[in-house]
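Reviewing the structure listed below.
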Amino acid sequence: MYAVLGRRQGRVLHGDMTQGSASFTVTAVLPVVESFHFAQEIRKSTSGLASPQLVFSHWESIHLLFGLECGIFTTVEAFVVALRLSDGLL
């Protein structure tokens, strides 16, 4: 589960074991663009033992700004280009 969050630029805030049960709750933040198909991937990687609950938490600045001349095609740029292609704007 931690590997899936890491691949999707997620940050684990804390994990709690529920007393008296085998449940373990992980609280993490994940960029919205990285949350698409997250449930399927987390279930696949845990053989169906984990079930995510995604809730919007807050706005946060990203480290690389869209359009920044750094020679790196950022995740944001990839998402915007894919969205424009699907809408026929490119």
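Coordinate-derived values only; no laboratory data. Since the model is a prediction, treat every value here as computed from it, not as a measurement. Backbone-built Cβ (ideal geometry, glycine too); neighbour counts: all protein chains shown.
For the chain, the dipole from Cβ point charges (+1 on Lys and Arg, -1 on Asp and Glu) about the Cα centre works out to 280 debye, to the nearest 20.
Under a 5 Å amide H cut-off, with hydrogens placed 1.01 Å from N, ALA28 pairs with LEU13 among residues at least 5 apart or on other chains.
Between helix 75-86 and the chain there is an angle of about 70 degrees, using the helix long axis and the longest principal axis of the Cα atoms.
Given a Förster distance of 25 Å, report the FRET efficiency between LEU89 and PHE36 from their Cβ-Cβ distance, rounded to the nearest 0.05. If you can, show how the numbers build up before the last one.
On the way: r = 19 Å, r/R0 = 0.78.
About 0.80, to the nearest 0.05.
When the charge dipole of the chain is built from unit charges on Cβ atoms (+1 for Lys and Arg, -1 for Asp and Glu) and taken about the Cα centre, the candidate among PRO31, LEU13, THR46 whose Cα reaches farthest toward its positive end is THR46.
For the chain, the spread of Cα coordinates along the three principal axes comes to 54, 25, 22 Å, biggest extent given first. For ARG7 and PHE79, the difference between the fully extended length at 0.36 nm per residue and the C-alpha to C-alpha distance is 24.3 nm.
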